[in-house]
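The values are calculated or read from the model by the stated rules, or taken from the named source; none is laboratory data. In this text the structure is predicted, and so the values were computed from the model without any measurement. Cβ placement follows ideal geometry from the backbone for every residue including glycine, while neighbour counts extend to all protein chains displayed. Protein only, heavy atoms only, side chains kept; ligands, DNA and RNA dropped before computing areas. Shrake-Rupley method; radii C 1.70, N 1.55, O 1.52, S 1.80 Å.
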Amino acid sequence: MDIHEYQAKQILGRHGIRVPQGGVASTPGEAMRVAERLGGRRWVLKAQIHAGGRKEGHFEGDPSAKGGVRVLDSVDAVGLNAEQMLYHVLVTKQTGPQGTEVKRVYLEQAVDIQRELYLGMLVDRRSSRVTLIASTEGGVNIELAARRSPSSILRLPIDPETGLRDQDANNMAAQLGLEGNAAEQAARVMSIMYDMFIANDAALIEINPLAITREGDAVALDAVLTFDNNALFRHQDIRALQDDTETNLGELQAAHHGFNYVKLDGNIGSLACGAGSALATVDAIRHYGGEPANFLDVPPDSKVGRVKDAFELLASDPAVESILVNVFGGGIMRCDAIADAILVATREMPLEVPLVVRLSGTNARLALSSLRDSGPPLTIADNLADAAEKVVLAARETRRTNRRGWWDRVQGALGKQQNDS
Ligand code: GDP
Ligand code: MN
């Protein structure tokens, strides 16, 4: 789960990392009031979206090409620039070409920067350790630095037995070329990052830049915090920070129902029981040249109603051009429950795209015969390879015949008739 910069900074501040004073606003007037309350003569106005690269980004349809991070020196300029950002679409390297609408801005007192450092913390899968990443090349060009001179990126895998030891943090600060007060403060930021990472079950903490001021203070000017979804149940305070407007609708529904669902970029929907089986299903679709529209694992103890909700989640995804249901009925999950769910779902909402079903294990024969007798038009496959091949062909057919378009036109016409009569 991602949160906004201003929320991340509140958490950093609570843990004792220095952050600029700031306030959030959702109208230009509010932004101006925040500027007056903060005082001073220079402010930084920052668009709040779940994506980085804001400073180098641009707003859709704004020829001035100014980005989502602006240093301003009057209250009027704060109002004017907030107006230009709020409810406009910000496009950055990380949002993709469609961009993200800005619904909130954050205003801070500007900081006089002498140096910009990069600090990050994540779980490195190769060493299986929480790893501190640091670089002297902080700021907006960190990706470039990582590509041009990988040696400028320092890594420190942390032993879970000892945590981040003071001497290692001090050593890292020295390697970043820091001395005295600045070195002490930066090392302290690293230690706090580690404690925060563990205490909050974080997946990523990124402070970029960590600014070193003329006075030698270390101040976090930008912060990204991502949390492990699987641990959110024990952090209700963090879960409450979720911004639903920034989260995929399907993923929200799935979280509500307790499915493991990840939206992907392709056009083939799939449903499986058990995470391993769902992964294998997605892999098989790719293997046969298809692009999965999602990963969906319905827990094996699900009742018919819940499986039906999962199926509807797929069937209502406009990107989906064919659907594969691949379930091995073993133990708790029985294939007839899957068949019943498909029957109920398609009776309520007729299927618009081809459906391929592969069921085996407990009650598979019963399930397949009831689907054949009273189910929607569907293709039955013998095994996963057969199923994947068929669902990939079916998606191509949907696209070739423009069947989805045809369906939409018919539905549109029907809707119109109903409205006319
Ligand atoms: P990003 O572009 O989304 O990563 O947004 P950041 O918050 O990291 O801001 C980008 C850049 O703006 C930073 O690397 C700084 O160079 C600059 N910046 C951010 N805050 C301040 C500030 O308070 N004072 C000054 N002078 N520059 C700032
Ligand atoms: Mn940044």
Check your understanding: Would you call ARG188 away from ligand 1 (no atom under 16 Å from the Cβ), more than 26 Å from the chain's Cα centre (by Cα) and among the basic types (Lys, Arg)?
Key -> yes
Review point. Among (1) touching a Lys or Arg at 6+ places or on another chain (Cβ under 8 Å); (2) of a type in the set (S, T, N, Q); (3) farther than 18 Å from GLU206 by Cα, which single condition is THR136 missing?
Key: (3)
Review point. Can you spot a residue in the stretch 100-110 that is more than 24 Å from GLN242 (Cβ to Cβ) and more than 13 Å from ligand 2 (Cβ to nearest atom)?
Key: yes
Revision key, fill the gap. For the stretch 77-122 the number of residues that are of a type outside the set (A, V, I, L, M, F, W, C) and free of Cβ contacts under 8 Å to residues at least 12 places away in the same chain is 3
**Study point:** Positions within the stretch 42-70 being touching a strand residue (DSSP E or B) at 6+ places or on another chain (Cβ under 6 Å), within 16 Å of ligand 2 (Cβ to nearest atom) and among the charged types (D, E, K, R), in sequence order
**Key:** LYS46, ARG54, LYS55, ARG70
Practice item. Go through the stretch 134-175 and give me each residue that's part of a strand (DSSP E or B), within 16 Å of ligand 1 (Cβ to nearest atom) and either in contact (Cβ under 8 Å) with a residue 60 or more places away in the chain or over 19 Å from LYS55 (Cβ atoms) (or both). Key: ALA134
Point to revise | Only listed residue being touching a residue at least 60 places away in the same chain (Cβ under 8 Å), under 30 Å from ASN402 (Cβ atoms) and either in contact with a strand residue (DSSP E or B) (Cβ under 8 Å, 6 or more places away or on another chain) or of a type outside the set (D, E, K, R) (or both), chosen from ILE238, ILE268 | key: ILE268
Practice item. Could you check the stretch 5-107 for strands (runs of 3 or more DSSP E) lying wholly inside it with 2 or more residues that are more than 10 Å from ligand 1 (Cβ to nearest atom)? Key: 22-25, 89-91
Point to revise | Tally, over the stretch 89-103, of residues that are under 23 Å from LYS9 (Cβ atoms) and either β-branched (Val, Ile, Thr) or surrounded by fewer than 20 Cβ atoms within 10 Å (Cβ to Cβ) (or both) | key: 8
Practice item. Scan ALA341, ALA364, ALA385 and give me the residue that is surrounded by fewer than 21 Cβ atoms within 10 Å (Cβ to Cβ) and either under 31 Å from the mean Cα position of the chain (by Cα) or not assigned by TED's automatic domain parsing to the domain that holds ILE268 (or both). Key: ALA385
Study note, to complete from the structure: Of (1) closer than 21 Å to ARG125 by Cβ; (2) within 14 Å of ligand 1 (Cβ to nearest atom); (3) touching a helix residue (DSSP H, G or I) at 6+ places or on another chain (Cβ under 7 Å), GLU206 satisfies every one except (3)
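Residue by residue, here is whether (1) open to solvent by less than 10 Å² (accessible area, probe 1.4 Å); (2) part of a helix (DSSP H, G or I); (3) assigned by TED's automatic domain parsing to the domain that holds ASN383 holds:
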| residue | (1), (2), (3) |
| --- | --- |
| PRO209 | no, no, no |
| ALA255 | no, yes, yes |
| ASP265 | no, no, yes |
| GLY269 | yes, no, yes |
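One line per residue, one yes/no per condition, for (1) over 18 Å from ALA254 (Cα atoms); (2) part of a helix (DSSP H, G or I); (3) touching a strand residue (DSSP E or B) at 6+ places or on another chain (Cβ under 8 Å); (4) among the aliphatic types (A, V, I, L, M):
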{"position": "GLY289", "(1), (2), (3), (4)": "yes, no, no, no"}
{"position": "ALA339", "(1), (2), (3), (4)": "yes, yes, yes, yes"}
{"position": "ARG358", "(1), (2), (3), (4)": "yes, no, yes, no"}
{"position": "LEU366", "(1), (2), (3), (4)": "yes, yes, no, yes"}
Review point. Pairs under 6 Å by beta carbon, first residue within 23 Å of GLN242 (Cβ to Cβ) and open to solvent by less than 10 Å² (accessible area, probe 1.4 Å) in the stretch 48-68, partner at pLDDT below 90 and part of a loop (DSSP other than H, G, I, E, B), six or more apart or different chains?
Key: none
**Study point:** From ALA220, ALA278, residue being touching a Leu at 6+ places or on another chain (Cβ under 7 Å), buried (at least 17 other Cβ atoms within 10 Å of the Cβ), more than 20 Å from PRO354 (Cα to Cα) and of a type outside the set (Asp, Glu)
**Key:** ALA220
